[in-house]
Structure formats: C-alpha cells, structure tokens
C-alpha cells in the first residue's frame with residue numbers, strides 16, 4: 001500500500017479519535033517501514049473509544065509517551 005494511501009486511510013479511520021499512533025503504525029505512517037499489511041492500527045488513548053480496526057493501549061496521559069517529533 002502506498003504511503004499516501006495509508007496516510008489517508010489512517011486520517012479517515014481516526015478522524016474523531018483522540019489518540020497517538022504507536023509502534024509499527026506510527027512508523028508506517030511516517031514512511032519508515034516497507035508499509036506491510038497490519039490487521040490493526042496501534043494507538044495510545046487516554047479514554048475508551050470505539051474505533052474499528054484499532055488496538056488501543058490506554059495511558060493516563062499522552063505526556064507519558066516517549067516519542068520522536
């Protein structure tokens with residue numbers, strides 16, 4: 001899947017979800033991997049949210065996530 005197509009897919013899927021992309025999902029989004037198929041999008045969330053096709057990792061605050069910008 002081309003990076004721009006995957007980016008568009010993620011934008012649509014997570015449009016109303018307050019989250020941060022995690023692990024391979026973030027790397028795929030940034031074009032840092034070969035973009036292989038993943039059955040779910042991995043995300044960090046601060047509250048329960050019902051979004052299909054996502055694996056949610058609940059954290060108390062997004063400030064606790066170590067990330068690169």
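Scanning region 45-65 for residues that are in a strand (DSSP E or B) and more than 11 Å from residue 17 (Cβ to Cβ) yields 55, 57, 58.
Looking across region 18-34, the residues that are outside any helix (DSSP H, G or I) and either closer than 21 Å to residue 61 by Cα or touching a residue at least 60 places away in the same chain (Cβ under 8 Å) (or both) come down to 18, 19, 20, 21, 22. Check whether at least one residue in region 35-44 is on the phi < 0 side of the Ramachandran plot, touching a residue at least 12 places away in the same chain (Cβ under 8 Å), assigned to a loop (DSSP other than H, G, I, E, B) and touching a helix residue (DSSP H, G or I) at 6+ places or on another chain (Cβ under 7 Å), and report yes or no. Scanning region 35-44 turns up at least one residue that is on the phi < 0 side of the Ramachandran plot, touching a residue at least 12 places away in the same chain (Cβ under 8 Å), assigned to a loop (DSSP other than H, G, I, E, B) and touching a helix residue (DSSP H, G or I) at 6+ places or on another chain (Cβ under 7 Å).
Residues in region 1-34 that are modelled with pLDDT under 85 and over 20 Å from residue 67 (Cβ atoms): 1, 2, 4, 5, 8, 9, 34.
Take region 48-64 and flag every residue that is at pLDDT 90 or above and over 17 Å from residue 13 (Cα atoms). Hits for region 48-64 are 58, 59, 60, 61, 62, 63.
The values are calculated or read from the model by the stated rules, or taken from the named source; none is laboratory data. Computed from a prediction, not measured in an experiment: that's the story for all the values here. Glycine also receives a Cβ, built like all others from the backbone with ideal geometry; neighbour counts cover every protein chain displayed.
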